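These notes are about the structure you will find just below.
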Amino acid sequence: MRMQPTDELLAIWREVIRNSYRGGFDFDWRWGGRGDSNSISDAEQLLCLLYPATQVAGMALDSPDETTDGVLQAVQRIGDSREVPRRLTTVMREYFGRHTDPGTGQALFGGDGYLEAAEPGEAVTPRQKSMDLVSSYSISVTLCLAVIGFVRVFRQHVRRNVLQQDLEDLENLASRRLSAAMVGLLRSFVVDAFDDDSPAGDVMLGRTNQTALPRRRLLERLRLELQDTAATLRDFRIGSGAITDEAATKLFECGWSWGVVRDAPTVPTSDPVEIQPDGVAEDEPYLVFTVEAMQAIDELASERTRLLGLLNDEQQRLAQELRRRGDVTRAFWSTMATFGDGAWPIEDVPWRTSDGSESDYFTVMVAWLTIGGVGAPATPNGWARFGAVLSELATRGRINRRAMAGDSALVHHHPGFVVRLPGAETIGPEVGLAFNDYAPLLLECTARVAGETQTTEQRQRHLDLADAIWSHLSRRRHAGLMRLWDQPNQVFAELPELDGPSWFYTARVVRALVVTAGSLTDPPPPSERLTEYAADLLAEAERMFDQEMLRASTRTPGDVMRHDFDGTRNGLRRAREIFNDHPGAATALILDAMRRLDALGVARMNADSD
């Protein structure tokens, strides 16, 4: 792979710090980027530093004695290995102070400047700006887990009582916000049930019926495929999203709405989440918010969260409920994406949602939900088919192809896909959120598929696609001193020039790079052809060795010959140990052994001729 994720992340760190840190004794941190500061944007800004630091090996900032030279060079503007974690602790505390109600201690999850009115001339109301969003819940879960893990590790290197107390206070703030975000996600999960002869039912059946099955047979098979999912949904006891036995006989979709749904019950919890605001969101799932919620649930279920013990007992209970919703959601969308014996629905690009909307962006999100899910086909052919879909999406999104004048695909890159928030109009005008992370999300999917692929040729194709996507993304950085995202007119000249860094986009590029780095950690699967070649070579080399040993047994070999035999024997023994996993390295050892054996044979023949 030409792209080096760790090097790119270190370069991003330098730019984030140059843009955010003004210097000074009090560590003056500049919040906000292209838009005003809000709970989502500020968390994204912090995670540009904290997410790689807590996820990528060798990039840790919380262990001063183990900080690498490359990391220190990237963050040297902040200070040395001991100043960096102390100063980051200061800015973390500032984040929680900015987004916590000082009177009640309630965590605030408003989107503020990220919201935009649907109609020109209308203004988003203050109440709409402050309403809780799933986007804020999700990013808060990821941030709080990163902060708590950072504190747990850094605390082991701190001796001063004052700093120890500051770290304890910071962990309490993060834990309190984490609990509130988890409760919010539990109250935002929804199941939308509908009849099979409804418009939504017609869309679902049409989308899944790729082999022209009779409608009755299609319904029977689809209900059979979804029966376990429906049974699990009936068993939910807290939060929103439970369905009745009657609803379980219908078709349905599950996932997350944009915020707490209307009439969502409060979640009983012993953690200090005293205020659970009434919801206004409509009871229907959205792919984009489902992906965001699932990203948070993946962090809750991660090995790092478990090994560091980042959750208290009550949070573990809440996390278990969220994981159950995450499992059933992935199972549902995996079934929808790969249903049937012929062509898969996800291969029928673009994806069509139950309200009749179509977009390549929907296909990227369904692919993300499916890859790594319980229904993803873990076979070489299955991953190859996913890879083909991702390659087509890169082409359709004009990521690895030139855009035409007036190309409709450019909307993916600016202004992005605008998601309306039904229900919010009860407290102001119609509003929406714009999402333009088509390319970063596609890179993340491609890296995950490459990591799962078990054949060398397919893996290389996926890595080549990832390199092409990264080439597109790297061209979209702002020019000049501030090499952050996003400036799409660097690639698409007809798009407008934008000012300031987008923490939304930069954070998603960072996440994609972290996922890519993780996918490259595992060694590539060995080539079957190379393994067979190494096995054949090994058999011939061992036969040559045995023959030379038989001939040598009738002679009195000197020290040099004995040394050659020992070295050859050790090389062949090592080659046999590794040729299944590392056939290339084994081949090199075998060829060296065969060279030694040939030299011994030549020496023996010369001795006989004398």
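The values are calculated or read from the model by the stated rules, or taken from the named source; none is laboratory data. Bear in mind the structure is a predicted one, so any value in this text is a computation, not a measurement. Every residue, glycine as well, gets a Cβ built from its backbone with ideal geometry; the counts of neighbours run over all protein chains shown. For accessibility, only protein heavy atoms count, side chains too; no ligands or nucleic acids. Shrake-Rupley method; radii C 1.70, N 1.55, O 1.52, S 1.80 Å.
The candidate values were [x] 1.21; [y] 1.13; [z] 1.34; the one computed from these coordinates for Cα Rg over 2.2 N^0.38 Å carries the label [y]. Taken along the Cα-to-beta-carbon direction at a fixed 7 Å, the label points for Arg22 and Ala301 span 4.3 nm. Computed from the Cβ-Cβ distance with R0 of 25 Å, the FRET efficiency linking Ile427 to Asp36 stands at 0.80. Cα centroid distance between the range 246-310 and the range 313-351, in Å? Distance between centres, Cα-based: 14 Å. Note on the range 1-136: with neighbouring protein chains present and a 1.4 Å probe, carbon and sulfur make up 43 percent of its accessible heavy-atom surface. Taken as entire DSSP H runs, the helices of the chain that both span 18 Å or more between Cα atoms along their own long axis and average 0.5 or more on the Kyte-Doolittle scale are 134-154, 287-300, 438-452, 503-521.
What number, rounded to the nearest 500 deg cm²/dmol, is the helix-based mean residue ellipticity at 222 nm of the chain, given -39500 (n - 2.57) per DSSP H run of at least four residues and division by all its residues?
Value at 222 nm, helices only: -18500 deg cm²/dmol.
Here the gap between Arg595 and Ala231, fully extended at 0.36 nm per residue and compared with their Cα-Cα distance, gives a gain of 124.5 nm.
Relative contact order of the range 135-200: 47 percent, from C-alpha pairs under 8 Å at least 6 residues apart in sequence. Solvent-accessible surface of the range 274-402, taken per residue with a 1.4 Å probe and all protein chains present: 38 Å².
For the range 30-155, the per residue solvent-accessible surface stands at 37 Å², with DNA, RNA and ligands left out and a 1.4 Å probe. What residues from the range 31-51 fall in the zone where the backbone N is under 18 Å from a label point 7 Å along the Cα-to-C-beta line of Arg155? Nothing falls inside the zone, counting backbone N under 18 Å. Using R0 = 30 Å, the C-beta based FRET efficiency linking Glu494 and Ile275 works out to 0.05. Compared with the direct C-alpha span, the chain from Gln73 to Asp195 gains 37.9 nm at full extension, assuming 0.36 nm per residue. Compared with the alpha-carbon gap, the fully stretched path from Gln316 to Ala588 is longer by 92.9 nm at 0.36 nm per residue. Using C-alpha pairs under 8 Å with a sequence gap of at least 6, the mean separation divided by the residue count of the range 107-263 gives a relative contact order of 29 percent. Site pair Ser474 and Glu457 shows an inter-label distance of 2.8 nm when each label is modelled 7 Å from Cα along Cα→Cβ. Expressed as a whole percent, the accessible area of the range 444-512 that falls on carbon and sulfur atoms is 46 (1.4 Å probe). The distance between label points at Ala11 and Arg324 comes to 4.7 nm (points 7 Å beyond Cα on the Cα→Cβ vector).
Computed on the range 338-453, with alpha-carbon pairs under 8 angstrom and 6+ residues apart, the relative contact order is 25 percent.
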